[in-house]
Amino acid sequence: MRKVLYQLLAGLIIGLSVSYMYIVLPNAFQSLDNKLRDFMFFARGPIEPTGHVAILDIDERSLEALGQWPWERYKVARILQNLTEAGVGIMGMDIVFAEPDNSNPAKVLKDIGMEVTEDIPNYEEIFARTVAATPTILGYVFNMEDDGMTQKEGPMIPAVFIERNKGEGEHLLEPYRPILNVPIVQENAYSSGFFNTIPDSDSGIIRSVPLAMKYDMSVYPSLAFEMIRIANQTSKVYVDYEQSGGVKSITMGDSSIPTDRYGRLFVNYRGASFTFPYLSAVDIYNGDFDPADVEGKFLLFGTSAAGLLDLRAMPYDNVYPGVEIHANVIDNILAGDFISKPSWIFGADLTIIFFLPILLALIYSFASAFVSLVVLLFAIGIMAYFNYYMLFEKGLIFNNLFVLIGIFAAFIQSIIINYFLETKQKNLIKGKFASKVSPAVMEDILKHADSDVLSGTEREVTVFFSDVRNFTNISESMPDAKTLIDFLNEYMDPMTDIIIKSKGTVDKFIGDAIMAYWNAPADVKNHADKALGATLEQLHALDAINAEVKQDPRFANTCKMAADMGVEPI
């Protein structure tokens, strides 16, 4: 019972300690928890996308054929026109045309002070007209930090964003300023969306993407979200908040997208790089493609070329085209297989973290070392399976790290408690045997505790008996019982030490008599010789004992009585 109480108390302390760590130190350990979750993505492996999303890629082959980036705007316009004629559903630009086209003839002539006539082509106007005439959604980027530049108005969005149940304070990310496309292009676009991908601060890995940000008191959608919104022909979007604060979801029409408290979607990645179909930009430019590859699809215009520096890190891959992150977001929304961490998960995590070590401690208190190890492995397996199932089947993110800490801590404390309790019990056994057997015999008994050394067996033993001469007269000469006991101790202690030193076992003390035996419970070689040797040694030891007794005034009467009889006191 004491062992159970110790284990439960230790489990309670561990549950409280790990729960406290989970509450006050979540960010410090978030990186480790995220890496455990990344491993689950590896374990799951890639999954098939919906097939409704494709990527137009500014790849190395396109750069070699069409020249270095940025291309002349008419080339981009031609690509958009060819895609539109092929029946593309909607196109999103994971690129911002923030600077004028320096190859534009109209700009060149104007810069050198020559007259720009109507017959001089204006690449910016060509591109702007194409953007206006095609299902193109422009991209732009928010600068998140104050860079000292003048803030500008945000782009026009043909939708209403309503924040519902919003309490005090802001929870959506608030950037410093937008970096938009050149005015002539931006103004001709039907809509646009930001394509910021903000990596985790602890690891640089992109695991979540903001679906909305708040700038200048207005809510602005991401490129992926805006493409979905326009495809669904939804003009009203709700940003729903938790009662406790923070964003809960973003709703458009019948579709509700769960987010974290900052309006970010946890990306359910489909796989490593190039999981989605890629179309080379040069093939689209030359018209050398199958229209079925783009017909009715969401098409993202981006790049996989290393030189254009749009490569990111994600759970599957450290070199991942940024445009494919947006493809995953669109595919997640289309499939509805979201990954989220609603507010009640915190309470569920805390309950598991607190009670699991207590439950394991209770089990460990009744288990052997081997069974405890099996329980440890089983608990880890159950936890891993539970979190894996909830992540990919239910789309819920539970904590991995602190649950593991609780499991391992409960196992370690059980080993420590068992060790100390067993050590204490071992020392108790040693104390019991120390007065009866030699240290060598005692160690042999403890060493072979699992054998039949203490069970009933038949063996040859040497038995020893001894008692004190004239003990009746000696006891009558003592003034009281305590003095008699002290007298016996003066005799019994050295006699017992001699027996134990010779590997004998004291069976019992019968008044003034000693009964001992050799070769039990442990084997003693030449036990008869050892018994005889101990007997002779005891006889020789009587001289020293008698000398001490004669000098002790407590035993004066006994010594006088022995002298009168002409014998030694013992």
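The values are calculated or read from the model by the stated rules, or taken from the named source; none is laboratory data. Small disclaimer: the values here were computed from a predicted structure and weren't measured. Reconstructed Cβ throughout: ideal geometry from the backbone, glycine too, with neighbour counts over all protein chains shown. Note: areas computed on protein heavy atoms with side chains; ligands, DNA, RNA excluded. Shrake-Rupley method; radii C 1.70, N 1.55, O 1.52, S 1.80 Å.
Report, by residue number, each residue of the stretch 119-128 that is crowded, with 16+ Cβ neighbours inside 10 Å and not hydrophobic (A, V, I, L, M, F, W, C).
Asn122, Tyr123, Glu124, Glu125
Is there a residue in the stretch 291-308 that is among the charged types (D, E, K, R) and at pLDDT below 95?
No, the stretch 291-308 contains no residue that is among the charged types (D, E, K, R) and at pLDDT below 95.
Mind checking whether some residue in the stretch 74-85 is farther than 22 Å from Ala231 by Cα, under 17 Å from the mean Cα position of the chain (by Cα) and not in a loop (DSSP other than H, G, I, E, B)?
No, the conditions are met nowhere in the stretch 74-85.
Would you mind telling me which numbered condition in (1) of a type in the set (Asp, Glu); (2) closer than 30 Å to Asp38 by Cβ; (3) in a loop (DSSP other than H, G, I, E, B) Glu153 fails?
Failing condition for Glu153: (2).
Which of the strands (runs of 3 or more DSSP E) contained wholly in the stretch 190-305 include at least 1 residues that are buried (at least 21 other Cβ atoms within 10 Å of the Cβ) and of a type in the set (D, E, K, R)?
Strands (runs of 3 or more DSSP E) meeting the threshold: 247-252.
Among the listed residues Ile333, Ile325, which satisfies the condition of being open to solvent by 10 Å² or more (accessible area, probe 1.4 Å) and touching a Ser or Thr at 6+ places or on another chain (Cβ under 8 Å)?
Ile333
If you check Ala367, Ala313, which single one turns out to be within 25 Å of Met93 (Cα to Cα), of a type in the set (Gly, Ala, Ser), outside any helix (DSSP H, G or I) and open to solvent by 10 Å² or more (accessible area, probe 1.4 Å)?
Ala313
For the stretch 26-56, which positions are basic (Lys, Arg) and in contact with a Phe, Trp or Tyr (Cβ under 7 Å, 6 or more places away or on another chain)?
Selection gives Arg44 alone.
Of the residues that make up the stretch 107-118, is at least one touching a strand residue (DSSP E or B) at 6+ places or on another chain (Cβ under 7 Å), open to solvent by 20 Å² or more (accessible area, probe 1.4 Å) and part of a loop (DSSP other than H, G, I, E, B)?
No: the stretch 107-118 contains no residue that is touching a strand residue (DSSP E or B) at 6+ places or on another chain (Cβ under 7 Å), open to solvent by 20 Å² or more (accessible area, probe 1.4 Å) and part of a loop (DSSP other than H, G, I, E, B).
Of everything in the stretch 29-73 that's in a helix (DSSP H, G or I) and either among the small types (Gly, Ala, Ser) or touching a Pro at 6+ places or on another chain (Cβ under 6 Å) (or both), which residue is surrounded by the most Cβ atoms within 10 Å (Cβ to Cβ)?
Only one residue tops the list, namely Ser62.
Please name all residue pairs, on different chains or six or more residues apart, with Cβ atoms under 6 Å, provided the first residue is in the stretch 465-487 and is of a type in the set (Asp, Glu) and the second residue is not in a loop (DSSP other than H, G, I, E, B).
Asp467/Ala513
Pick from Val76, Val96, Val131, Val88: which is touching a Gly at 6+ places or on another chain (Cβ under 6 Å) and crowded, with 20+ Cβ neighbours inside 10 Å?
The unique qualifying residue is Val96.
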